[in-house]
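Asker: Take a look at this one; I'll ask things after.
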Amino acid sequence: MSKAALRKQMKEKRGSLPCSFVTEASDAICEKFLAEYKSAKRVLLYSDINNEVKTENLALQLMNGGTEVYLPKLKEGRLVTGPYNGGLQTGSYGVKEPIVIDDRTDFDVVAVPGLAFDSELFRLGYGGGFYDRLLPGLTLSVKAGLGYGFQIVGTVYREEHDFPLDALITENYIYRRSR
């Protein structure tokens, strides 16, 4: 199977998930995230679309616990960052984005979405390379993928610019990359 075919297959599979599964699995993933990264002071999340792991409740719980929560925003072909609590608007691709941009680059944890992940914690995204360009410019300690168990595949067809995640949190397990 080609990279394009894998992308298409995973989009279709995730797109057909029942709402009840997405909600229950997202809740389980968020519980694991909160337990794993409870000491994080500043976290970069993402606004979920197309049955990605839901992050809104996670953002609210983190903020209620005193964590600063940021979201990415697509600006001039690259992702920049802004605070979640500065207000949100619908931006590119129908994604909720922060209104206020301060382009902060220091985060304790960055939650990364994906269409598929392999056993070495490399990810397959939508193909725009936005996270491939964003992550190298951030000062952070942990890159944590959020995904469903079925998204783990044999290969994601890595390229030179791809990077491994430090962890992948699914509804059933937390996978950690050995260093």
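Rule-based calculations on the coordinates, nothing more; no lab input. As the structure is a computational prediction, the values presented were derived from the model and not from experiment. We place every Cβ from the backbone using ideal geometry, glycine too, and count neighbours over all the protein chains shown.
Asker: Averaging sequence separations of C-alpha pairs under 8 Å and six or more residues apart, then dividing by the length of the range 82-179, give the relative contact order as a whole percent. Mind showing how you got there, number by number?
Answerer: Values: 166 pairs, mean separation 25.6, N = 98.
Worked out over the range 82-179, it gives 26 percent.
Asker: Can you work out ³J(HN,Hα) from phi for every residue in the range 106-111, in order, using Karplus 6.51 cos²θ - 1.76 cosθ + 1.60 and θ = phi - 60°, giving whole Hz and x for Gly and Pro?
Answerer: Rounded to whole hertz, the list is 10, 9, 6, 9, 10, 8.
Asker: If you don't mind, there's one more thing I want to ask. What are the ³J(HN,Hα) values, in whole Hz, obtained from phi via the Karplus relation 6.51 cos²θ - 1.76 cosθ + 1.60 with θ = phi - 60°, for each residue of the range 90-102 in sequence order, with x given for Gly and Pro?
Answerer: Couplings: 7, x, 4, 6, x, 8, 5, 10, x, 6, 7, 10, 10 Hz.
Asker: With both bridge residues required to lie in the chain, what share of the DSSP beta bridges run antiparallel, to the nearest 5%?
Answerer: On the way: 15 of 30 bridges.
Beta bridges within the chain, antiparallel portion: roughly 50 percent.
Asker: Any lysines with Cα under 17 Å of the residue 3 Cα? List them, leaving off those in the same chain fewer than 8 positions away.
Answerer: 11, 13
Asker: Something else: Amide H neighbours of residue 75 under 5 Å, counting only residues 5+ apart in sequence or on other chains, H built in-plane at 1.01 Å?
Answerer: Answer set, sorted by chain and number: 80.
Asker: Can you divide the C-alpha Rg of the chain by 2.2 N^0.38 Å and report the result to two decimal places?
Answerer: 0.96
Asker: If you take every residue apart from residue 66 with its C-beta less than 11 Å away from the C-beta of residue 66, what net charge results, scoring Lys and Arg +1 and Asp and Glu -1?
Answerer: Values: positive: 38, 41, 42; negative: 68.
Value of the local net charge: +2.
Asker: Could I ask something else about it? Given an 8 Å cut-off on Cα distances and at least 6 residues of separation, report the relative contact order of the range 3-176 as a percent. Please report the intermediate quantities before stating the final value.
Answerer: Details: 332 pairs, mean separation 38.0, N = 174.
Computed value for the range 3-176: 22 percent relative contact order.
Asker: So, one more: What is the local net charge at residue 158, summed over the other residues whose Cβ is closer than 13 Å to its Cβ (Lys, Arg +1; Asp, Glu -1)? Write down the numbers at each step before the final one.
Answerer: Working: positive: 3, 123; negative: 118, 120, 132, 159, 160, 162.
So the surrounding residues net to -4.
Asker: In the neighborhood of residue 83, defined by Cβ-to-Cβ distances under 9 Å, what is the net charge if each Lys or Arg adds +1 and each Asp or Glu adds -1? Mind showing how you got there, number by number?
Answerer: Details: positive: 104; negative: 68, 102.
So the surrounding residues net to -1.
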